[in-house]
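Working notes for the structure below.
None of the figures in this text is laboratory data; all of them are computed from the coordinates on show. Just so it is clear, the structure is predicted and the values come from calculations on it, not from any experiment. A quick note on method: Cβ atoms are made from the backbone with ideal geometry, for glycine too, and the neighbour counts reach across all protein chains shown.
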Amino acid sequence: MVLPREGHLLRIFVGESDKHGGLPVYEWLIQKAREQGLAGATVLRGLAGFGAHSRLHTAHVLRLSTDLPIVVEIVDTIDKIEAFLPTVDAAITEGLATVEKVEVRFYRSGKEG
């Protein structure tokens, strides 16, 4: 797969304990992204954060949270991102999704040929 130089980044913010379809929502999202042929997805676990409810979620030793912030990042063409957004919207009951332009410098698998 080749990505054009002008790509888009879909960034989805959810909680670690959020579920959809019996799975953590971040797992469900990356499975769906793969099924829909998006270029790739990365899940990042945050150390601390807060969202729309202003509740602090932290990995602080004295206040271990089981609901740390999770960010799912997906880079692809705007068409593929826009086609995937209804899937995201249907799965997220609490969270945030953003889309921004990015410059793709390279996208490679490490295999020659």
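A few remarks follow.
- Taking region 1-44 as the range and being among the charged types (D, E, K, R) and more than 29 Å from Lys111 (Cβ to Cβ) as the test, the residues that pass are Glu16, Asp18, Lys19.
- Considering region 78-113, the residues that are among the small types (Gly, Ala, Ser) and under 25 Å from Pro24 (Cα atoms) include one that is surrounded by the fewest Cβ atoms within 10 Å (Cβ to Cβ), namely Ala90.
- When Tyr26 is tested against the conditions (1) over 20 Å from Asp89 (Cβ atoms); (2) among the hydroxyl-bearing types (Ser, Thr, Tyr); (3) touching a residue at least 40 places away in the same chain (Cβ under 8 Å), the lone failure is (1).
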